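Taking it in order: structure first as structure tokens, then the write-up.
The values are calculated or read from the model by the stated rules, or taken from the named source; none is laboratory data. Everything quoted here is computed from the prediction, not taken from an experiment. All Cβ positions, glycine included, derive from the backbone under ideal geometry; neighbour counts span all protein chains shown.
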């Protein structure tokens, strides 16, 4: 395949300004202030730890930003090959005038200072978005987020619901719920009502999606109020539940969320397959892994029960992509959603993108989201995706199917941006 | 890799006239009469539905063919990217003089009429086969098919057995069995005898394979007549069976089929991994999906018990291909059989073909079958496969292993046709 | 991608002299004496059998080497496509002056004689290693191997422990253990002590790794002496254990091995996912397959309990690679180890290598081992790997990430050799 064609198509795709449909941006502090914000991203801390750096060295309390970066840079030699470090280098080139091919113990300090100066500019947030070709960004909001003090047109609220489904057993979660809704739950019925209040609150602030991450063992089914009420009452009184009862409660809450998604016409982003705290001694956010023995058949009842709800689905295990392609091909309400976490590397993005573009209706594919915590990452992550997308469009459409470049680019633009608009209604 | 080499090799492979070893052709009405026969293929209806068209609009009772096509064409804009729509466009180009790169609401009607005129020619069936480079076609015959009124030399009978293994609990299936065999079953022994009669009937009409599709949960083992007899007696009296008893009966019937395959020297095509009616509100034939958590280890007892039976195996989940490659590499009676349904897209055909050609004896690979319901699909589907095959032969053999083109093409011809002859004895 | 670039990089990588970190070489008879030693490799016998040759013909007692080779050559026509036969042809070209593109019934005999003459040269072993670019070779030693009579600097001992973990129920294994340790075990405590003696013995002979292959069902957890003692006592008295007790004993022994690996600072090679004797009528060493429904989550307790032990991990099912990449990315003590057995074909090596090089720290990847039984196989097997590695380095680093060739080659050298030195301390 002609690399020139790939590059040319990639350049064209890069001209399109995007909406990023899933991030962890804090809208009150969206951009970074130092390289420590950037290199503190769990990808770098966990890889540095994996390559041999003790957790204590990385997470030492009271570490100042510059020292922290200096330490992490020591590990980069072991991580040079990773795509994650290429994101880092790319963003330093793009934003901070870095000309080096590597960040090393001998060149990082000047870079640190130059970056800090750049990020101290009062309009850095705007500059960064503009240079990155991003105009709107979905958030991941806690259910009790007041959603105030930021521009919800630029930073679009998204109701994240893991705590409600899996952590109602924690008193602090229940306290947050009580505070956010102004009501004390007494049982299943009032819990449902409280959740409804959250939807009302989010809805009045322009929410565009409900979202959750789910363990491989989860399998949603409808649970009646009567069935779950005794367990919820015990839970609300602070009793520890049996695993079966905990599952019952999780299913009830999850199903309730789906019902409200139907009522409030919200897409429900499902991020399927993560096991939390597999490596509890790992660094912050570097402890989760997965069991790839999971199937979308576990969601059969859900997809059938809510034909009116859109389910953009992300899968953690690469092997789940074929099921995702097939379920999206059959179920009108199942959508392919980007390349998540451990599957978010070019080797897998390319295989998965090929299959999706060959078999899923083109109006049902959300190409990519950045999943970023800081704005600076949109650029290198979307760039990585655009490279893979351009490669697939060039190979499978322009070359193999003899499409014109412009026709293939139109397809690319639809999965990059058009579908984000139509699926989430932004 | 030189695209020119791929194209050249593909052109050479296209000269070979083929036998299609698995289809759903109705030999009494093998070719289409209008584009509605073609666009009524479940790939188009299910994708149109998936992309947003209500089932009612697609399956409205009494819909005339032309209106139906007009409606489906409305969806094509959303499906343009799919390989299935490329089959449609390719066959319209090949057979109906279509010059458009897309079929749209503004050009479909002329195409519809031109196609109808072409298909009305009295020898259209022969023309279509000839232009497609296909000379013989395997069927999928119900167990009670009289197998009369067609040329069994061109349309080769294949005994499809899903109903016997999984649906004996339905009174209409039992009634069909009684009628086909002229005997009433009273228990396991007579059921076995009845099945034997089916094999005799099919054998006398040139059957070349027995075939079945199997759910991921199925695991065949030998079941004795004594063990299963009580359950079968209850079943024959119309009683509903417990899940365990239903499994026992399925296993008994399946094992009995394998025994007859041994006796009648018939290959037993296993199509492994489909869950039926996962989306019961889907369009006709667009309701089935799969659970990829399946293993060929479930067939260990079968493969060991019947060394004399050839088992050409198709797997639904792409991830099953590595097991299929490995089991075919070790078991003399396990054969790789084409690229089935949700795995039948170039992205997966290419990966799977590479692995098979690198690790499975070349006399044990059936390259492709069309699975078609209407003859017009052999051309675009085999063309798609030939493209992928040519790509793998060029990359992995001519370039990487420095084979001559003619040597690589000989390998290609063996998996395209030669093995169909030797494995099925046609 | 330019094939010339791939070739150039492959040629550079070929200049590096290697250490082979896992083989089944018998150090007392490391090289072959005739082509029968080479073609007796299970890959050829099992593939010949799979392609149709009766086991009896291959394993006829008293068969002389030349007749055996003559028979196996008859099958090569069916196996010509396989990468395994390409290994055979490549090594015959490299070592025995073979100019043919195929080994056939008409040319094999001259080759046989020429090869026998070559291998009869007194320094053939040295010549072969030198020509292959291999200087040190890890062994697979039975736990009762005296480890004497060979150069442990060239042939590095590795303690293989399958027998201890899974076959202590066999009296001959217990007898071998008693003989090797000079002690009779009376229960869990003395069994642990006996195992310690094995580690001492191996340690005093330069052992560099402990190793084991594991079935998909295995899931290690800590088992206390008290808990397991009754079962071990019954076992030592020759009683057959229940499956649960057998599992308990296996887990205890396995965990004990991990404890000694910590104490003796030995890496513990885990080869995960093989089912033994799936096809018991297969040829010698051609009976094992796998169930791909396995997850590294089964090893969570182990990885957490032994942060000080390095676990180089090989997975049998290709679909396990994504988990392996992800676990190596998170757990500091998990290492990716080569491409094992059914995954050891270029189609899978390439996909797996891409993912590893993009996401696992570069100091944690062992690129390849030959797994060979005879020295002649290092050359073609490492050549196959180098081709795949060069392709990935060229595509993903030189072309896609614009690395210089020398930078990409340094990465290649690290996974080919550097990490073998640092991980195993050789």
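If you go through the stretch C:57-70 and keep only what is over 18 Å from residue C:92 (Cα atoms) and away from every other protein chain (no Cβ under 13 Å), you end up with C:59, C:60, C:61, C:62, C:63, C:64, C:67.
Every test in (1) at pLDDT 95 or above; (2) surrounded by fewer than 14 Cβ atoms within 10 Å (Cβ to Cβ); (3) over 30 Å from residue A:275 (Cα atoms) is passed by residue A:184 save one, and that test is (1). Among the residues of the stretch C:237-255, those identified as crowded, with 19+ Cβ neighbours inside 10 Å and more than 22 Å from residue C:335 (Cβ to Cβ) are C:248, C:249, C:250, C:251, C:252, C:253.
Of A:78, A:28, A:42, A:22, all but one fail to be within 11 Å of chain C (Cβ to nearest Cβ) and out of contact with any helix residue (DSSP H, G or I) (no Cβ under 9 Å at 6 or more places or on another chain); the exception is A:42. Scanning the stretch C:303-313 for residues that are over 15 Å from residue C:423 (Cα atoms) and surrounded by 21 or more Cβ atoms within 10 Å (Cβ to Cβ) turns up just one, C:303.
Go through the residues of the stretch B:125-134 one by one and say whether even a single one is farther than 26 Å from residue B:344 by Cβ and more than 14 Å from chain A (Cβ to nearest Cβ). Yes: one or more hits.
Among the conditions (1) at pLDDT below 95; (2) out of contact with any helix residue (DSSP H, G or I) (no Cβ under 7 Å at 6 or more places or on another chain); (3) away from every other protein chain (no Cβ under 14 Å), the only one that residue A:100 does not satisfy is (3).
Of the helices (runs of 4 or more DSSP H) lying entirely inside the stretch A:29-91, those carrying at least 3 residues that are crowded, with 21+ Cβ neighbours inside 10 Å are A:35-39, A:42-50, A:65-79.
Can we say residue B:285 is assigned to a loop (DSSP other than H, G, I, E, B) and either over 17 Å from the mean Cα position of the chain (by Cα) or within 11 Å of chain C (Cβ to nearest Cβ) (or both)? Spelling it out, it is not the case that residue B:285 is assigned to a loop (DSSP other than H, G, I, E, B) and either over 17 Å from the mean Cα position of the chain (by Cα) or within 11 Å of chain C (Cβ to nearest Cβ) (or both).
One line per residue, one yes/no per condition, for (1) part of a helix (DSSP H, G or I); (2) within 23 Å of the chain's Cα centre (by Cα):
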position	(1), (2)
B:189	yes, no
B:195	yes, yes
B:198	yes, yes
B:202	yes, yes
B:216	no, yes
B:222	no, no
B:234	yes, no
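Residues in the stretch B:291-306: is at least one in contact with a helix residue (DSSP H, G or I) (Cβ under 7 Å, 6 or more places away or on another chain), more than 9 Å from chain C (Cβ to nearest Cβ) and either farther than 28 Å from residue A:351 by Cα or at pLDDT below 95 (or both)? Looking through the stretch B:291-306, at least one residue is in contact with a helix residue (DSSP H, G or I) (Cβ under 7 Å, 6 or more places away or on another chain), more than 9 Å from chain C (Cβ to nearest Cβ) and either farther than 28 Å from residue A:351 by Cα or at pLDDT below 95 (or both).
Candidates A:314, A:326: the one that is modelled with pLDDT of 95 or more and more than 7 Å from every other protein chain (Cβ to nearest Cβ) is A:314. The residue of the stretch A:123-177 that is nearest to the chain's Cα centre (by Cα), among those that are under 23 Å from residue A:216 (Cβ atoms) and surrounded by fewer than 16 Cβ atoms within 10 Å (Cβ to Cβ), is A:167.
Yes/no per residue for (1) away from chain A (no Cβ under 14 Å); (2) on the phi > 0 side of the Ramachandran plot; (3) part of a helix (DSSP H, G or I):
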{"position": "C:347", "(1), (2), (3)": "no, no, yes"}
{"position": "C:352", "(1), (2), (3)": "no, no, yes"}
{"position": "C:355", "(1), (2), (3)": "no, no, yes"}
{"position": "C:363", "(1), (2), (3)": "no, no, yes"}
{"position": "C:368", "(1), (2), (3)": "yes, no, no"}
{"position": "C:371", "(1), (2), (3)": "yes, yes, no"}
{"position": "C:376", "(1), (2), (3)": "yes, no, yes"}
{"position": "C:380", "(1), (2), (3)": "yes, no, yes"}
{"position": "C:383", "(1), (2), (3)": "yes, no, yes"}
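Only residues that are within 20 Å of residue C:160 (Cβ to Cβ) and within 14 Å of chain B (Cβ to nearest Cβ) were counted across the stretch C:253-282, and they come to 5. The numbered conditions (1) under 24 Å from residue C:320 (Cβ atoms); (2) in contact with a helix residue (DSSP H, G or I) (Cβ under 8 Å, 6 or more places away or on another chain); (3) touching a residue at least 60 places away in the same chain (Cβ under 8 Å); (4) facing chain C (nearest Cβ under 10 Å) are all true for residue A:341 except (2).
When you go through A:390, A:394, A:410 one by one, which is the residue that is in a helix (DSSP H, G or I), away from chain B (no Cβ under 14 Å) and closer than 24 Å to residue B:86 by Cβ? That would be A:390, the only listed residue that is in a helix (DSSP H, G or I), away from chain B (no Cβ under 14 Å) and closer than 24 Å to residue B:86 by Cβ. The numbered conditions (1) in a helix (DSSP H, G or I); (2) more than 26 Å from residue B:282 (Cβ to Cβ); (3) touching a residue at least 12 places away in the same chain (Cβ under 8 Å) are all true for residue B:98 except (1).
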